[in-house]
Structure formats: C-alpha cells, structure tokens
1. Asp76 - would you say it is acidic (Asp, Glu) and either modelled with pLDDT of 95 or more or touching a Lys or Arg at 6+ places or on another chain (Cβ under 7 Å) (or both)?
2. Exactly one condition in (1) aliphatic (A, V, I, L, M); (2) more than 16 Å from the ligand (Cβ to nearest atom); (3) assigned to a loop (DSSP other than H, G, I, E, B); (4) within 17 Å of the chain's Cα centre (by Cα) is false for Leu104; which is it?
3. Give the number of residues within region 144-160 that are in contact with a strand residue (DSSP E or B) (Cβ under 7 Å, 6 or more places away or on another chain) and either among the hydrophobic types (A, V, I, L, M, F, W, C) or under 23 Å from Leu237 (Cα atoms) (or both).
4. Pick out the one residue from Thr132, Thr149 that is under 15 Å from the mean Cα position of the chain (by Cα) and open to solvent by 10 Å² or more (accessible area, probe 1.4 Å).
5. Counting only residues that are of a type in the set (D, E, K, R), within 23 Å of Lys58 (Cα to Cα) and out of contact with any Phe, Trp or Tyr (no Cβ under 7 Å at 6 or more places or on another chain), how many does region 75-117 have?
6. Taking region 46-79, which residues are of a type outside the set (Ser, Thr, Tyr), under 16 Å from the mean Cα position of the chain (by Cα) and closer than 21 Å to Ile19 by Cα?
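The values are calculated or read from the model by the stated rules, or taken from the named source; none is laboratory data. Computed from a predicted structure; not experimentally measured. Ideal geometry is used to build each Cβ from the backbone, glycine not excepted, and the neighbour counts take in all protein chains shown. Ligands, DNA and RNA are excluded from the accessible area calculation, which covers all protein heavy atoms including side chains. Shrake-Rupley method; radii C 1.70, N 1.55, O 1.52, S 1.80 Å.
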Amino acid sequence: MKYVVLNKDDIAKDIADRIVSLIKTKEKPVLGLATGSTPLPLYEELIKRYKEGEVSFKNVKTFNLDEYIGLDELNDQSYRYFMNHNLFSHIDIDLNNTYVPNGLIKDEDPLYYDKMIKEAGGIDIQVLGIGTDGHIAFNEPGASFDSLTHIEALKESTIKDNSRFFASIDDVPRYAITMGLKSIMNAREIVLIATGKAKAKVISELKKGIISNDLPASILNKHNNVTIYVDEEANSL
Ligand code: PGA
C-alpha cells in the first residue's frame with residue numbers, strides 16, 4: 001500500500017490524471033465512484049478537465065459503492081441524486097452508463113450488482129473515502145472480508161457522522177445497500193482519499209498495517225495496487 005501526502009487540490013489533480021489517462025487508453029473504461037464530501041474536489045477537477053476539452057466520458061461506465069435503503073433518486077439525500085448533481089450532469093457521460101445500487105430493492109438479490117460490474121469488464125479504478133470508524137463504502141467494523149454487495153445496518157457513529165447532511169439525525173436511514181469488501185477488492189486499482197483532522201486517528205490505525213475486520217479498510221493491505229492519498233491533517237497522528 002502506497003501513501004501519498006498532498007494537499008486536497010493536488011490529491012484531486014493526481015487522481016484526475018490517473019482517471020483521464022485510463023479513459024484515453026482503454027476502450028471501455030469502468031470507474032468505481034464514491035459519495036461523501038471527500039471526493040468532491042476530484043469531481044470538480046474531472047468536470048474542469050471535461051469543460052477544457054481534455055477528456056470525454058462518452059465511453060465510460062461508472063459504478064457507485066452504495067445507496068441508502070428507502071431513498072429514491074429524487075430524494076436529495078440519495079447517492080444517485082448526489083452523483084447526478086455533483087458530477088454526471090456536468091459531463092458528457094450517458095446516464096444509462098452510470099450505476100448506483102438500488103436503494104428501493106425488494107426481493108432482488110443484491111448480488112445483481114456484482115454481476116453487472118463483471119459484465120462491464122470489472123472496475124479499473126475504484127475511488128474510496130474512509131469513515132472515522134474505518135468503514136469503506138458502508139462496510140462497517142466487523143464486516144466480512146468475503147462480502148459482495150449486500151444490505152448493511154449502519155453503526156451509530158456513521159449515522160452521527162452522516163447526520164450533518166440531514167435535517168435531523170432521525171432522518172438518517174438505518175440501512176444501506178453496499179458493495180462488499182470483496183467487491184471492492186475485485187477492482188484492478190484502488191485510490192483511497194482521506195482529508196481533514198477527523199480522519200487522522202483512523203489513518204494512524206490503518207498505517208499500522210494490521211489486517212482485521214474491526215478496521216474494514218485494512219483489507220486493502222491485501223491488494224497489490226492501492227494508493228492512500230492523505231492531506232497533512234489526516235496524516236498528522
Ligand atoms: P466523508 O465520508 O467523505 O463525507 O468524510 C467518507 C465515508 O464515510 O466513507
């Protein structure tokens with residue numbers, strides 16, 4: 001696992017370089033995308049590159065990591081809404097090539113999502129954030145390393161962290177559909193971004209290199225192509 005320390009803007013530029021170069025060299029590039037505040041500078045950078053004519057997203061497919069259970073795409077707290085508003089509506093991607101797990105899933109097996117990723121050729125570059133409790137996507141502490149896409153109950157700490165986006169903590173959904181740790185590990189390349197003081201503790205834990213499902217992100221130690229991008233604050237402990 002490689003650690004790179006840069007400021008927020010340079011993290012966005014570095015990852016955008018990797019993504020643009022993938023799109024330019026691969027016929028059917030597949031991106032794994034994340035929500036939350038962490039990847040926003042990256043999405044702004046990708047929009048900028050598109051507007052400057054450096055890259056087109058016409059042949060790109062994207063798969064998002066997760067979605068809250070019970071929220072539809074019109075709900076402004078849904079991750080589908082987030083992606084449309086923060087990235088997809090500003091670039092030339094075909095919305096039919098953008099996938100977010102179905103938060104309104106009923107009888108369907110969540111594994112449908114891994115099948116779709118496989119049919120698309122697998123994820124070339126997976127972008128990740130990290131929760132203060134070490135979760136990646138919504139794989140909370142204790143999550144199985146063998147999991148594919150599934151429904152997960154959110155931990156109190158995650159509900160609290162995410163309540164800043166909702167009118168009240170009671171409005172935060174208690175369940176999410178999420179790619180599993182194995183789904184994430186199937187990506188050919190992984191970039192994890194951690195910025196700000198709130199992530200310093202979890203990053204210091206991750207740096208110890210101990211692999212345990214108490215710290216779901218530690219599974220990344222087993223992958224051969226992972227870069228952890230941290231800013232000074234996240235790297236401060
Ligand atoms: P954040 O969320 O980017 O809003 O900090 C990260 C995460 O929970 O994965």
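1. Values: acidic (Asp, Glu): yes; either modelled with pLDDT of 95 or more or touching a Lys or Arg at 6+ places or on another chain (Cβ under 7 Å) (or both): no.
The answer is no for Asp76.
2. Single failed check for Leu104: (4).
3. Counting residues in region 144-160 that are in contact with a strand residue (DSSP E or B) (Cβ under 7 Å, 6 or more places away or on another chain) and either among the hydrophobic types (A, V, I, L, M, F, W, C) or under 23 Å from Leu237 (Cα atoms) (or both) gives 3.
4. Values: Thr149 fails: open to solvent by 10 Å² or more (accessible area, probe 1.4 Å).
Sole residue among the options that is under 15 Å from the mean Cα position of the chain (by Cα) and open to solvent by 10 Å² or more (accessible area, probe 1.4 Å): Thr132.
5. Going through region 75-117, the residues of a type in the set (D, E, K, R) turn out to be 76, 80, 92, 94, 106-109, 114-115.
Pick out the ones that are also within 23 Å of Lys58 (Cα to Cα) and you get 80, 92, 94, 114-115.
Restricting the remaining residues to those that are out of contact with any Phe, Trp or Tyr (no Cβ under 7 Å at 6 or more places or on another chain) gives 80, 94, 114-115.
So the count comes out to 4.
6. Hits for region 46-79 are Leu46, Lys61, Phe63, Asn64, Leu65, Asp66.
A quick yes/no check of all residues on (1) more than 16 Å from the ligand (Cβ to nearest atom); (2) open to solvent by 10 Å² or more (accessible area, probe 1.4 Å); (3) among the basic types (Lys, Arg):
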site	(1), (2), (3)
Val5	yes, yes, no
Ile11	no, no, no
Ile15	no, no, no
Gly32	no, no, no
Pro39	no, no, no
Glu52	yes, yes, no
Lys61	yes, yes, yes
Glu67	no, no, no
Leu74	yes, yes, no
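Residues are listed down the side, and each one gets a yes or a no for (1) more than 23 Å from Ser204 (Cα to Cα); (2) touching a residue at least 24 places away in the same chain (Cβ under 8 Å); (3) out of contact with any Lys or Arg (no Cβ under 8 Å at 6 or more places or on another chain):
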| residue | (1), (2), (3) |
| --- | --- |
| Met1 | no, yes, yes |
| Asp10 | no, no, yes |
| Ala16 | yes, yes, no |
| Ser21 | yes, no, yes |
| Thr25 | yes, no, yes |
| Thr35 | no, yes, yes |
